[in-house]
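The values are calculated or read from the model by the stated rules, or taken from the named source; none is laboratory data. Model, not experiment: these values are computed from the prediction. Cβ atoms come from the backbone with ideal geometry, glycine included; neighbour counts cover every protein chain shown.
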Amino acid sequence: MDRTGLLWRVTCFGGGDLTVCNATAAQRVTDGDHGAGNLTSRRRSTMRKIGGFKVLVVSGCLLTAACGSASTPSGSSGTANVSEAQQLAKAAEAPQSSWKPAGQPFNASVARGKSMWYVSVSLSIPFEQFMVQGMKEGGAAVGVTTVGFDAKSSVAEATRGIEEAIQAKAGVIFVDGFPPNLVAPAIAQAKAAGIPVLTANSQGPGPLLPGAPAGVVGSATHPFADPGKIEADWIVADSKGKANIIYLRSSDVPVITDIEKNAFVSELNKLCSSCKVQVVDVPTSQWSQLTPKTASLIRANPNANYFVPDFDGEVIFMVPGVTSANAQSKVKLVSFNATPSVMTNLKQAYVVAAETGGPNLLQGWAFADQGLRVLAGQQPLQDLNIPTRLFDATNISSIDLSQQESEWYGTGDYRAKYKQQWGVSG
């Protein structure tokens, strides 16, 4: 499950959950929030009006129950800008043929002989392996060594990885998946040694989040808002403004998942006040229970016609649940990551109706570009221009799923484009 490394629970020094230990997280998840069972049947809920949304309050958690004019039932006086949604979805389906690396060209050869260390949340995850592979390929093109360190989802191991990088006199250190405050003492050691630190996949593109430890000079990340926005566009277009959506959110990793979820809800609010969305909490530890949970959600919400899990690692467990509820003809799954097995379901037109994804190996090269900029004395970029593409029935037949996944996006020879950016020939 490609991007599942961003969703795994990370062991803190005291053995607790990452989101419980991280005092700076936007939200906290306690063991009481992780209770098993069907949310709709086992927890008392009430409705409150907050801003422009009607919100379902479940066991103290706020779950968006509908978008826009939330009290407006689907198909009544609410409105939907289906034409705009169709145009946006069509644009997202197109190959990214005009794609180019972010930033201005620079002389990366001045970094020759230096090293980049990537302290990964877990190198057992394919997405993380792609990051290291892409960074190694990109770094090697200019004579820079990349070292991947497996933190095994442990803050203590991540700290050890940073310390090893310092001892090895790394030129730059990436800290992946961990909010940087969790490893602040180790980052302080890196700063004292004159080694800059980049966070990876712990926020969206843009300036560093407030409160980042001194020593963190920038970030490298996927644009997690893009999948949420594009999926909302597609659903509004596909449903013609008559969508009743169950959105599955992994609450134990709120920073990244909320970027995607908030973009999804915001886009629905903009385009479709006649659409409805209910957000259901499914922590990553409960993904394996999604087969019976999906069937229960379908039975409890007979009008739901779209299910949107935030990451398609959930889809693998949800498809059998849709089948067991005999809902293949009425429920469509839409998700993010373009995992090959889920893309196969899409190609077979079985339950999965649309997928968004990004080219993982290309993203490794983009991370290398960010690291090389820092090594060369350049300012790190705030946005690496990592593309997102929408796959559905209109373009999936043109995708050769046997190809390396970064070839599905139509970006052309991204390796050559990065080398040109760095002033490297061949």
Being more than 26 Å from residue 390 (Cα to Cα), part of a helix (DSSP H, G or I), modelled with pLDDT of 95 or more and among the small types (Gly, Ala, Ser) is true for just one of 138, 113, 134. Which residue is that? 138
Could you pull out the residue among 321, 371, 358 that is surrounded by 24 or more Cβ atoms within 10 Å (Cβ to Cβ) and out of contact with any strand residue (DSSP E or B) (no Cβ under 7 Å at 6 or more places or on another chain)? 358
Residues (small (Gly, Ala, Ser) and within 18 Å of residue 135 (Cβ to Cβ)) located in segment 191-219: 200, 202, 218, 219
Out of (1) part of a helix (DSSP H, G or I); (2) within 21 Å of residue 358 (Cα to Cα); (3) hydrophobic (A, V, I, L, M, F, W, C), the odd one out for residue 99 is which? (1)
Assigned by TED's automatic domain parsing to the domain that holds residue 233 and surrounded by 23 or more Cβ atoms within 10 Å (Cβ to Cβ), is that true of residue 255? no
For residue 426, indicate whether it is surrounded by fewer than 20 Cβ atoms within 10 Å (Cβ to Cβ) and modelled with pLDDT under 95. yes
Scan 356, 394 and give me the residue that is of a type in the set (Val, Ile, Thr) and in contact with a Phe, Trp or Tyr (Cβ under 9 Å, 6 or more places away or on another chain). 356
Taking segment 183-211 and keeping residues within 17 Å of the chain's Cα centre (by Cα) and of a type in the set (S, T, N, Q) leaves 199, 201, 202, 203
Taking the conditions exactly as written (in contact (Cβ under 8 Å) with a residue 40 or more places away in the chain, in the same structural domain as residue 352 (by TED's automatic domain parsing) and assigned to a loop (DSSP other than H, G, I, E, B)), does residue 202 satisfy them or not? no
Index of the failed condition, residue 196 passing every other in (1) assigned by TED's automatic domain parsing to the domain that holds residue 158; (2) crowded, with 17+ Cβ neighbours inside 10 Å; (3) farther than 19 Å from residue 368 by Cα; (4) not polar (S, T, N, Q): (3)
Across segment 324-355, what is the number of residues that are in a loop (DSSP other than H, G, I, E, B) and either of a type in the set (A, V, I, L, M, F, W, C) or crowded, with 24+ Cβ neighbours inside 10 Å (or both)? 8
Give the residues of segment 151-178 that are buried (at least 22 other Cβ atoms within 10 Å of the Cβ) and assigned to a helix (DSSP H, G or I), sorted by residue number. 155, 158, 159, 161, 162, 165
For segment 262-288, how many residues are touching a Gly at 6+ places or on another chain (Cβ under 9 Å), under 17 Å from residue 250 (Cα atoms) and not aromatic (Phe, Trp, Tyr)? 4
Please verify whether residue 208 is farther than 27 Å from residue 108 by Cβ and either in contact with a helix residue (DSSP H, G or I) (Cβ under 9 Å, 6 or more places away or on another chain) or in contact (Cβ under 8 Å) with a residue 24 or more places away in the chain (or both), treating the condition exactly as stated. no
Residue by residue through segment 399-426, note down the ones that are among the hydrophobic types (A, V, I, L, M, F, W, C), out of contact with any strand residue (DSSP E or B) (no Cβ under 9 Å at 6 or more places or on another chain) and part of a helix (DSSP H, G or I). 416, 422
Which of the residues spanning segment 377-398 are crowded, with 19+ Cβ neighbours inside 10 Å, of a type in the set (A, V, I, L, M, F, W, C) and outside any helix (DSSP H, G or I)? 381, 384, 386, 390, 391
Within segment 118-161, the count of residues that are among the small types (Gly, Ala, Ser) and touching a Cys at 6+ places or on another chain (Cβ under 6 Å) comes to 0
